[in-house]
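Beneath this line is the structure, given in structure tokens, with notes to follow.
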Amino acid sequence: MKITINQAPQYVGQEVTIGSWLLQKRGSGKLQFLQLRDGTGFMQGVVVKANDEELFNVAKGLNQETSMYVTGMIKEDERSSFGYEMEVSGIEIIQSAEGYPITPKEHGPEFLLDNRHLWLRSRKQHAVMNIRNQIIKSTYDFYFENGFKKIDSPILTSSSPEGTTELFHTKYFDEDAYLSQSGQLYAEAGAMAHGKVFTFGPTFRAEKSKTRRHLIEFWMIEPEMAFYNHEDSLVVQEQYVEYLAKNVLEHCKLDLEALGRDTTVLENIKAPFPRISYTDAIELLHEKGFDDIQWGDDFGSPHETEIANSFDKPVFIVNYPKEIKSFYMSTNPEDPRTVLCADLIAPEGYGEIIGGSERISDYDELKERIIESGLNVDAYEWYLDLRKYGSVPHSGFGLGLERAVAWFSGVQHVRETAPFPRLLNRLYP
Ligand code: 4AD
Ligand code: MG
């Protein structure tokens with residue numbers, strides 16, 4: 001019977017065959033312990049010399065990442081966190097690997113990134129991708145269960161929602177085109193057709209930032225809701241993030257353990273999240289001795305981290321100054337210097353996970369903001385149409401998938417959260 005490692009619990013006491021790779025091996029004169037992996041999980045295979053000396057010698061000669069069919073009896077094993085192991089009775093080598101570059105010793109990040117196509121097989125990297133996969137699944141579950149429809153926004157676009165400095169330019173036959181920075185503007189059109197929608201696609205920023213939070217290509221989940229004001233949108237955001245944390249904790253136990261993640265932090269991600277205004281956050285920073293920042297400046301990571309450390313949950317910083325935010329954000333009626341927006345800041349220095357706002361719904365005001373921002377009005381004619389024909393208050397936000405994965409996994413750098421990260425100066429592999 002051919003099974004996979006994750007099916008092992010159902011086959012205790014039975015002889016099965018598993019197509020697998022050798023992750024690592026250790027042994028003594030009498031026993032060989034094979035750490036097997038098959039994509040679905042990790043399990044130990046034990047080869048006993050006294051049972052079969054020839055087999056023992058085959059096991060002893062196996063190299064890391066050799067592929068093989070391993071046959072044996074599944075047994076319970078309370079010492080491992082998986083809980084099962086195999087008493088091996090047969091090994092059929094498919095391909096004997098030689099000189100696998102990623103050995104159990106420590107390697108530098110550039111070396112690992114050069115070997116990303118292989119590094120993905122490592123226990124921790126496998127765990128991070130499992131968590132990414134869970135977040136993707138839970139995202140679809142959450143939005144579909146809550147009456148949202150998925151509207152796919154284009155990747156090749158003619159407009160720039162998040163400013164013109166970070167655009168990837170390309171030719172679209174004879175026209176100029178840009179890789180999508182955000183699906184938001186299209187999601188807004190979708191919301192006027194379907195009420196509650198979300199986009200979930202790749203986005204691109206030609207940012208010359210080399211930080212642990214920045215990727216050149218990342219995936220964003222962008223819900224957009226008609227008839228929702230900014231506060232309504234904050235409630236969706238905190239419920240969504242709470243739902244993600246709950247599902248990662250429930251379905252990724254072994255992965256979180258493999259990563260050594262402190263799960264109490266994740267258990268604490270429960271709505272509602274505290275809110276602090278930008279203006280109060282500036283004051284808080286001054287109290288904490290940050291004299292370098294003035295009202296009107298954008299926060300850097302040390303500022304965000306300091307603000308996050310003042311709370312025991314993720315925190316919304318609301319109502320930033322208009323000048324440092326995007327053109328489409330509604331003016332805050334209580335303080336017209338600011339806009340109705342929020343950034344959700346994660347604890348532990350993971351920074352901004354979500355950016356969102358209520359959108360301008362008035363035609364004239366939006367047109368003026370487009371012009372003020374130095375954008376080409378012609379490219380936004382379709383977007384302005386949404387304010388011409390049945391405009392309604394609406395709000396939305398964007399969650400960066402890789403930042404959420406980094407936060408939940410506890411890995412320090414977003415480069416470990418994308419299968420093939422695109423970083424400043426890295427397009428390979
Ligand atoms: O704050 P941003 O730029 O907001 C938007 O794009 C809005 N159009 C979203 C919306 O309202 N629909 O980006 C949103 C999120 C950030 O909070 C962050 O999590 C992530 O996207 N993000 C990045 N992640 C990795 N690398 C980068 N360079 C990122 N830039 C933004
Ligand atoms: Mg932002």
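The values are calculated or read from the model by the stated rules, or taken from the named source; none is laboratory data. Fair warning: this is a prediction, and the values are worked out from it, not measured in the lab. All Cβ positions, glycine included, derive from the backbone under ideal geometry; neighbour counts span all protein chains shown. Side chains are part of the model used for accessible areas, which takes the heavy atoms of the whole protein and leaves out ligands, DNA and RNA. Shrake-Rupley method; radii C 1.70, N 1.55, O 1.52, S 1.80 Å.
Just wondering, is there one or more residues in region 80-90 that are modelled with pLDDT under 95 and acidic (Asp, Glu)? So far as region 80-90 goes, no, none of its residues is modelled with pLDDT under 95 and acidic (Asp, Glu).
Restricting attention to region 337-357, the residues being open to solvent by 10 Å² or more (accessible area, probe 1.4 Å) and more than 10 Å from ligand 1 (Cβ to nearest atom) number 4. Restricting attention to region 194-235, the residues being touching a residue at least 24 places away in the same chain (Cβ under 8 Å) and not in a strand (DSSP E or B) number 22. Contact map, region 339-368: residues that are without any contact (Cβ under 8 Å) to a residue 60 or more places away in the chain and assigned by TED's automatic domain parsing to the domain that holds residue 219 paired with residues that are within 10 Å of ligand 2 (Cβ to nearest atom) and open to solvent by 20 Å² or more (accessible area, probe 1.4 Å), Cβ distance under 8 Å, separation 6+ or inter-chain. Pairs shown: 339/325; 343/352; 343/355; 345/352. Put simply, of 101, 109 the only residue that is of a type outside the set (A, V, I, L, M, F, W, C) and surrounded by 13 or more Cβ atoms within 10 Å (Cβ to Cβ) is 101.
Is one or more of the residues making up region 117-137 in contact with a strand residue (DSSP E or B) (Cβ under 7 Å, 6 or more places away or on another chain) and crowded, with 18+ Cβ neighbours inside 10 Å? So far as region 117-137 goes, no, none of its residues is in contact with a strand residue (DSSP E or B) (Cβ under 7 Å, 6 or more places away or on another chain) and crowded, with 18+ Cβ neighbours inside 10 Å.
Do we have any residue at all in region 407-428 that's of a type outside the set (A, V, I, L, M) and within 16 Å of ligand 2 (Cβ to nearest atom)?
Yes: region 407-428 contains one or more residues that are of a type outside the set (A, V, I, L, M) and within 16 Å of ligand 2 (Cβ to nearest atom).
For residues that are under 24 Å from residue 406 (Cβ atoms) and among the small types (Gly, Ala, Ser), scanning just region 188-214, find the one that is modelled with the lowest pLDDT. Step by step, filter region 188-214, then rank; the result is 209.
Selection of region 212-247 for residues being more than 16 Å from ligand 2 (Cβ to nearest atom), among the polar types (S, T, N, Q) and either open to solvent by less than 30 Å² (accessible area, probe 1.4 Å) or within 22 Å of residue 419 (Cβ to Cβ) (or both) yields only 247. All conditions but one from (1) closer than 15 Å to residue 408 by Cβ; (2) open to solvent by 20 Å² or more (accessible area, probe 1.4 Å) apply to residue 255; the one that does not is (2).
Candidates are the residues of region 38-59 that are open to solvent by 20 Å² or more (accessible area, probe 1.4 Å) and assigned to a strand (DSSP E or B); the one that is farthest from residue 72 (Cα to Cα) is 42.
Is one or more of the residues making up region 287-294 assigned by TED's automatic domain parsing to the domain that holds residue 345, of a type outside the set (S, T, N, Q) and in contact with a Phe, Trp or Tyr (Cβ under 9 Å, 6 or more places away or on another chain)? There is at least one residue in region 287-294 that is assigned by TED's automatic domain parsing to the domain that holds residue 345, of a type outside the set (S, T, N, Q) and in contact with a Phe, Trp or Tyr (Cβ under 9 Å, 6 or more places away or on another chain).
Residues in region 140-189 that are more than 16 Å from ligand 2 (Cβ to nearest atom), under 23 Å from residue 227 (Cα atoms) and in a loop (DSSP other than H, G, I, E, B): 146, 147, 148, 151, 152, 153. On the basis of being among the β-branched types (Val, Ile, Thr), surrounded by fewer than 19 Cβ atoms within 10 Å (Cβ to Cβ) and within 11 Å of ligand 1 (Cβ to nearest atom), does residue 263 make the cut? Answer is no for this residue.
So, residue 250, is that one under 19 Å from the mean Cα position of the chain (by Cα), at pLDDT 95 or above and open to solvent by 30 Å² or more (accessible area, probe 1.4 Å) or not? Taking the combined requirement at face value, the residue satisfies it. Can you tell me which residues in region 360-419 are closer than 26 Å to residue 264 by Cα, open to solvent by less than 20 Å² (accessible area, probe 1.4 Å) and part of a helix (DSSP H, G or I)? Correct list: 401, 402, 404, 405, 406, 407, 408, 409, 414. Scanning region 169-187 turns up no residue that is β-branched (Val, Ile, Thr) and under 17 Å from residue 418 (Cβ atoms). Taking first residues from region 148-166 that are in contact (Cβ under 8 Å) with a residue 40 or more places away in the chain and partners that are more than 12 Å from ligand 1 (Cβ to nearest atom) and among the hydrophobic types (A, V, I, L, M, F, W, C), the Cβ contacts under 6 Å between residues at least 6 apart in sequence or on separate chains come to 158/379; 159/379; 160/167. Open to solvent by less than 30 Å² (accessible area, probe 1.4 Å), more than 17 Å from residue 403 (Cα to Cα) and not aromatic (Phe, Trp, Tyr): is that true of residue 160 in this structure? Judged against the criteria, residue 160 is a match.
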